[in-house]
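Working notes, beginning with the structure itself.
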Amino acid sequence: MHINPSTHQPLNLSTNFQMSKQEQFLEQMTNGYTFKGNSIELGGAMLDGECVPGATIRLPLKTLNRHGLIAGATGGGKTKTLQILAEHFAENGIPSLLMDIKGDLSGIAAPGVSNAKIEERHLKIGLPFAAAGNSVDFLTLSNEKGARLRATVTEFGPVLFSRILGLNDTQSSIISVVFKYCDDNNLPLLDLQDIRKVLQYLTNEGKAEIEAMYGRISTDSVGTMMRKIVELEQQRADVFFGERSFEVQDLCRLDEKGRGMISIVRLTDIQDRPKLFSTFILQMLAEIYSTFPEAGDVDQPKLTIFIDEAHLVFDEASSALLNQIEAIIRLIRSKGIGIFFVTQNPADIPDSVLGQLGLKVQHALRAFTAKDRKAIKLAAENYPISEFYDVERVITEIGIGEALFTALNEKGSPTPLAHVMLRAPQSRMDVLTDAEIDTIVSRSALVRKYNEVVNRESAHEILTEKMQEAFDTEQQQELKNQQAKAEKAVPKRRVKAEKSTMEEIIDSPTTRQIGNTIARELTRGLLGVLGVGGTTRRRKKTSWF
């Protein structure tokens with residue numbers, strides 16, 4: 001037994017140690033999550049399963065363009081974390097683009113409703129709860145309700161379009177020739193029909209022209225490319241390519257109160273079409289990077305993008321496409337853009353991309369198999385070492401609405417790892433009704449702007465007309481040639497036919513008999529005219545009497 005020398009009372013070492021540990025934890029959390037610039041309060045830090053009073057976890061707005069990851073098993077609360085971040089970004093004047101694949105994000109437009117569990121949670125965290133809705137626009141890639149998202153083939157450019165199709169170097173060079181030919185001849189490449197028609201033309205009617213200018217194009221390579229385009233069309237990418245092209249600046253709007261607009265892309269029918277999803281994501285990021293000006297070191301991002309079910313972007317991507325995504329993620333932050341990947345396991349994200357993500361929010365992972373345990377061990381290695389947590393164990397014990405959390409501070413260093421009880425979303429945690437969605441869509445300026453059908457003349461129509469003219473000219477020439485041959489051949493055939501007919505008539509016995517009778521009558525008539533026949537008749541007449 002240990003005795004306190006000043007009071008001569010027994011020391012409770014376990015209590016003193018626990019208090020010391022909690023004080024150290026509170027000090028570390030306070031120092032690690034206090035920032036000079038603006039930040040948002042996400043929840044309270046937990047130690048040994050309980051919230052520590054005063055240990056508020058914040059996220060600095062200045063480092064949001066360093067991107068982030070929200071990971072965890074189904075049902076762990078990833079969607080609600082996304083919702084919390086997006087609504088607090090909006091509150092600070094930061095617009096967001098959300099990919100709603102499961103169809104459970106529409107409620108962010110309406111105020112939430114408090115209840116006993118929410119009040120209890122916020123009491124533990126030490127933050128008040130205030131219900132609030134957000135200004136929302138719905139967008140769509142298909143036939144969902146909302147403003148249509150489209151882009152032209154030309155906007156992709158030959159490099160990106162080739163990588164989306166997964167073409168080799170030879171095939172990619174052909175695509176470059178196609179784009180160059182269309183630029184030189186004012187042939188707009190708007191949709192997949194246009195690119196197919198150009199390939200068809202350059203291997204048939206325009207073959208001589210293209211070979212004279214750029215060299216021979218392999219028909220086998222063109223055939224392969226055609227099949228890859230058909231594969232893309234089968235995933236309904238044809239509804240994405242075309243006009244009117246979506247202007248990415250429309251994602252950066254504020255509402256009349258100065259709050260950031262939240263744009264939700266409704267993708268509930270897209271999970272079985274990963275090509276279309278990855279095509280849209282990559283084009284969107286490339287368009288943002290190419291059109292947004294350099295922003296440098298900003299106090300808060302101009303736009304944040306949340307990519308739910310992020311594994312769909314990477315699962316079927318070629319190595320070339322992954323390199324393109326990695327480059328865009330690395331460079332786009334200088335434009336003031338923050339990208340947040342939402343997926344079940346950090347292993348769904350390539351290491352080259354994962355290493356660029358400053359914010360990491362890890363919800364629970366479940367260890368049902370040996371493969372799951374390996375995945376948990378790998379996931380734990382993505383987080384800073386902590387003297388307060390056994391990360392591998394905590395990942396499997398995290399409750400719903402809780403997460404392991406680390407971000408970058410204003411100096412770019414990782415914040416201490418914290419087990420956080422997250423605040424509840426201020427907006428509705430359930431989906432909107434169809435009537436509520438219809439109301440939002442009917443009021444949307446983007447719907448009026450982008451749902452107008454535009455079908456101007458493009459490469460398909462121009463080349464179809466050109467090919468038809470060439471076909472008509474060829475047909476007319478062929479008819480002229482046939483007519484000329486016919487005119488030369490018909491007289492000979494006719495004479496021969498007439499001769500053959502006369503020969504048949506003359507050779508016929510009946511004809512000969514009739515001919516003899518006619519000949520005799522003609523002779524008689526002729527002789528009568530000459531006065532010879534009359535003598536004969538008179539002679540016969542005399543003999544008769």
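The values are calculated or read from the model by the stated rules, or taken from the named source; none is laboratory data. It should be emphasised that the depicted structure is a prediction, and the values quoted were computed from it without experimental measurement. Every residue, glycine as well, gets a Cβ built from its backbone with ideal geometry; the counts of neighbours run over all protein chains shown. These area figures cover heavy atoms from the full protein model, side chains too; ligands, DNA and RNA do not enter into them. Shrake-Rupley method; radii C 1.70, N 1.55, O 1.52, S 1.80 Å.
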### Query
Of everything in region 186-228 that's assigned to a loop (DSSP other than H, G, I, E, B) and open to solvent by 60 Å² or more (accessible area, probe 1.4 Å), which residue is modelled with the lowest pLDDT?
GLU205
### Query
If you scan region 151-176, which residues turn out to be acidic (Asp, Glu) and touching a strand residue (DSSP E or B) at 6+ places or on another chain (Cβ under 8 Å)?
none
#### Entry: Considering residues of region 432-466 that are over 19 Å from PHE246 (Cβ atoms) and aliphatic (A, V, I, L, M) only, the residue surrounded by the most Cβ atoms within 10 Å (Cβ to Cβ)
ALA459
#### Entry: Filter result for PHE368 (open to solvent by 10 Å² or more (accessible area, probe 1.4 Å) and either in contact with a helix residue (DSSP H, G or I) (Cβ under 6 Å, 6 or more places away or on another chain) or touching a residue at least 60 places away in the same chain (Cβ under 8 Å) (or both))
no
### Task
Kindly indicate the residue of region 31-46 that is in contact with a Lys or Arg (Cβ under 7 Å, 6 or more places away or on another chain) and outside any strand (DSSP E or B) and also farthest from LYS21 (Cα to Cα) among those meeting that condition.
GLY37
### Task
Please enumerate the residues belonging to region 47-87 that are part of a helix (DSSP H, G or I), open to solvent by 10 Å² or more (accessible area, probe 1.4 Å) and more than 18 Å from LEU357 (Cβ to Cβ).
THR79, LYS80
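Based on this model, can you work out whether GLU309 counts as under 18 Å from LEU82 (Cα atoms), crowded, with 17+ Cβ neighbours inside 10 Å and acidic (Asp, Glu)? Give the steps one after another, and end with the answer.
Working: under 18 Å from LEU82 (Cα atoms): yes; crowded, with 17+ Cβ neighbours inside 10 Å: yes; acidic (Asp, Glu): yes.
Criteria met by GLU309.
Suppose we keep only residues that are of a type in the set (D, E, K, R) and farther than 15 Å from TYR383 by Cβ within region 398-429. Which one would you say is most open to solvent (accessible area, probe 1.4 Å)? Even if it seems obvious, please write down each step before you answer.
Filtering region 398-429 down to residues of a type in the set (D, E, K, R) leaves 402, 410-411, 423, 428.
Remaining after also requiring farther than 15 Å from TYR383 by Cβ: 410-411, 423, 428.
Numbers: GLU410: 59, LYS411: 184, ARG423: 23, ARG428: 65 Å².
Applying the filter and picking the extreme gives LYS411.
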